[in-house]
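Scroll down for the structure; my scribbles are underneath it.
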Amino acid sequence: MIDKRTRIKIAIQKSGRLTDHSLDLLERCGLKYTRGRDQLIGYGENMPVDLLFVRDDDIPGLVRDDVCDLGIAGLNVIEEKRLEFVTEGISDPYIEVCRLDYGHCRLAFGYPETGSIQAIRSLEGSTIATSYPFILRDFLKQQNIAADVIEFSGAVEIAPSLGRADVICDLVSTGTTMAANKIREGETILESECILLKTPVAISPEKTEWVDRLLQRIEGVMQVRESKYIMMHAPKVALPDITALLPGAESPTVLPLEGFADKVAIHVVCRENIFWETLEALKDVGASSILVLPVEKMLA
Ligand code: PRT
Ligand code: ZN
C-alpha cells in the first residue's frame, strides 16, 4: 500500500513508444525502483517516488484527479483530454510543467492521393476520420469549417479505403504509414512531444521538497542532453571570436598557459551540440588542442 501523503506518484506509459524514454529520464534523475509482481507499480527504492504503469490515454485523467502527482504523456493525448475536460466544465485540469524532447510527432491531415480534396480550404462538407475528435473539432471551429468528424480508435489510415471518410487526421512521425496507404500528408494541426504534467491540487508539504528536487533534476537532465564541455588552447586576442562561435556558451574560464604569455587555455560549457564545422571555425581563428566532452550531470 502506497502512502499517498508522503510518497510521490508518477504515471507513465506501461508499454509503448514512450515507456523506455520515460524510464530512462527518471533513471537519469537518480531513481532506482523495483517493479511489483503485478507490473503496474514500480516502487522507488532510493526516493519517496512510485511509478504507476498505465495506458497513455489514462495519464491526464490520473493527474487531473490527483491520483498521481506527476505524469508523462504526449501533447496529443494531453490536449485531446484537456479539450474533453473543458466540455465538462473543467478548465485547468493539470499543469503542463515542461516539454521533454522525445515522442515527437505531428497531428496532420492525410488526403487520399486519388481524392478530390487536397487541402484544408476544400474540407467544407467532407467526412474526416480521426482518433483526436476534440482537437480536430476545435481546429475546424477556429477555421470556420463545417465537416463531419468520425472517431476511429485505431487504424485511421484505412478509413478512406473502407469508404468511411474522405480525409483523415492522424499522428505522423516518419510518414511511412500514410504513404503505404496512398495517403498524402497535408497540413499539421498540432506539433507534439512528451510533456511532464503536474496535479492542479497543491502538493502536500511532506512531498513538496522531493517534487521540487525531481523537477530540478529533470531540468538538469534536459540541459545536459545537448551540452558539451569544451577545452582548447588559443591566442588571448582570439577570445572574442571564439566566444562568438560557440552556441549557447556561458562565460568561459580562461587559464594561463605555462610558458606562453600570449596564449591561454579556455574551458567552456555549451548548451547546444557542437558540430565539426564549429571546430573547424575555431581552428581558423587560432584555437588548437580542442577537446569536446559530454556533460554527465549539471545543476544550475
Ligand atoms: O497502450 P497505449 O494506449 O498506452 O499505447 P498507444 O498505442 O496509444 O500509444 P503508442 O505507444 O503507439 O504511442 C504513444 C505516444 O507516442 C503517442 O500518443 C504520441 O504522443 C507518440 N508518438 C510518436 C506516436 C508516433 N510517434 C506515431 N508514429 N504515436 C503514434 N504513432 C503512429 C501513427 O499514428 C502511425 O499510425 O504510428 C504509426 C506510424 O507512424 P509513421 O508516420 O512513422 O508511419
Ligand atoms: Zn493510447
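Bear in mind that the values in this text are calculations on the coordinates, not laboratory data. Note that this is a predicted model, so its numbers are computed, not measured. Neighbour counts are summed over all protein chains in view; Cβ atoms, including those assigned to glycine, are modelled from backbone coordinates with ideal geometry.
What is the order of ARG7, ARG37, fewest Cβ neighbours within 10 Å to most?
ARG37, ARG7
Which percent of Cα-Cα pairs in segment 228-294 sits in each 10 Å bin, short to long?
23, 61, 15, 1
Just to check, using Stokes-Einstein with a Kirkwood Rh over alpha carbon pairs, what's the diffusion coefficient of segment 183-252 at 10 °C and 1.306 mPa s in µm²/s?
So the translational diffusion coefficient is about 92 µm²/s.
Which of the helices in the chain, when you take each full DSSP H run, stretch at least 20 Å along the axis at their Cα atoms and have an average Kyte-Doolittle score of 0.5 or higher?
Going by DSSP H runs, there are no hits.
Just to verify a number: FRET efficiency for GLU191 and ASN46, C-beta to C-beta distance, R0 = 25 Å, to 0.05?
Taking R0 as 25 Å, the efficiency between GLU191 and ASN46 is 0.10.
In bins 10 Å wide, starting from 0, what share of all Cα pairs of segment 1-71 does each bin hold, as a percent?
Over segment 1-71, the share of Cα pairs per 10 Å bin runs 21, 58, 21, 0 percent.
Please count, across the chain, the pairs of lysine residues with Cα atoms under 25 Å apart that sit 8 or more places apart or on different chains.
29
Going 7 Å from the Cα of ARG164 toward and past its Cβ, which residues in segment 116-141 have a backbone nitrogen under 14 Å from where you end up?
So the set is 127-133.
Report the Cα centroid-to-centroid distance between segment 105-170 and segment 36-91 in angstrom, as an integer.
About 28 Å separates the Cα centre of segment 105-170 from the one of segment 36-91.
Can you tell me the mean projection area, over all orientations, of the convex hull of the chain's alpha carbons? Units nm², please.
One quarter of the hull surface, i.e. the mean projection, equals 21.5 nm².
Order by neighbour count: TYR43, TYR111, TYR102, fewest other Cβ atoms within 10 Å first, most last.
Listed from fewest to most nearby Cβ atoms, that is TYR43, TYR102, TYR111.
If we restrict to alpha carbons, what Rg and Dmax does segment 105-192 come to, in Å?
Over segment 105-192's Cα set, Rg and Dmax evaluate to 11.4, 31 Å.
Assigning unit charges at the beta carbon (Lys, Arg +1; Asp, Glu -1) and nothing else, what dipole magnitude in debye, to the nearest 20, does the chain show about its Cα centre?
My answer is approximately 520 debye.
If I take every Cα pair under 8 Å that is 6 or more residues apart in segment 38-115, average their sequence separation and divide by the length, what percent do I get for the relative contact order?
Relative contact order here is 18 percent.
Using Cα pairs under 8 angstrom and six or more residues apart, how large is the relative contact order of the chain, in percent?
18
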